[in-house]
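FYI, it's all coordinate maths here, none of it is from the lab. Note that the structure is a prediction, hence the values are computed from the model and not measured. Reconstructed Cβ throughout: ideal geometry from the backbone, glycine too, with neighbour counts over all protein chains shown.
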Amino acid sequence: QVQLVEAGGGLVQAGGSLRLSCAASGSTVSVFAMGWYRQAPGKQRELVATLHSNGNTDYIDSVKGRCTISRDTAKTTVYLQMNSLKLEDTGVYYCRYQCRLGDYWGQGTQVTVSS
C-alpha cells in the first residue's frame, strides 16, 4: 500500500505562485509515474502534469510555461510549482502515484485563485 499526503494548496491572487507537494509513504517501489490532476467545480478531473520514471514530463497546454513538475531523488515526493496563476487554475488538485503495486491518489488540496 502507498499513502499520499498533499500540501501547499491555498488562496492566492491571480498572478501569484503556489508550490504543491505530495509525499508518498509505504511500499514506494518501482514507480512508473507521478502526476498532478485537478478538478474544477462542475468539470471533470483533468491531467495537469505528469513526471515519468525516465524523467520525461507532460503538461496540459494551459499550464505550459507556468508550471513545473519535479520530484525528489528518492522518487517519493512530487512537487508542482505553479506561477502566474490564473482564475481558471482554481480547483482541487490531486496527486497520482503509479507504481508496481498499483495506482494511488491523494485526498486533494484546494487551490483558489482570486482576482
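Taking every DSSP beta bridge with both residues inside the chain, roughly what % is antiparallel (nearest 5)? If you can, show how the numbers build up before the last one.
Working: 41 of 45 bridges.
In the chain, DSSP labels about 90 percent of beta bridges as antiparallel.
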Notebook entry, point to check: Using 1/(1 + (r/R0)^6) with R0 = 25 angstrom and r between the beta carbons of GLN81 and GLN3, what's the FRET efficiency to the nearest 0.05?
Noted result: 0.60
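Run the numbers for SER114 and GLU88: contour at 0.36 nm per residue of separation, minus the present Cα-Cα distance, in nm.
On the way: separation 26, 0.36 × 26 = 9.36 nm, distance 0.97 nm.
Full extension of this stretch gives 8.4 nm more.
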Checklist line | Global geometry of the chain, whether rounded, prolate or oblate, following the gyration tensor of its Cα atoms and the 1.5 cut on a/c | finding: prolate
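How far, in nm, would the chain grow between SER70 and GLN13 when pulled straight, counting 0.36 nm per residue and subtracting the alpha carbon separation?
Extending this stretch completely gives an extra 18.2 nm.
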Next item on the list: Send over the semi-axes of segment 6-70's equivalent ellipsoid, whole angstrom and largest first, taken as the square roots of 5 times the C-alpha gyration tensor eigenvalues.
Entry: 22, 15, 13
Next item on the list: Within segment 1-98, list the trypsin sites (Lys or Arg not before Pro) lying in a DSSP loop whose Cβ has at most 13 other Cβ atoms in a 10 Å radius.
Entry: LYS43, LYS64
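Figure the gain on full extension for SER25 and ASP61 (residue separation times 0.36 nm, minus the Cα-Cα span) and round it to one decimal in nm.
In short, 9.9 nm is gained.
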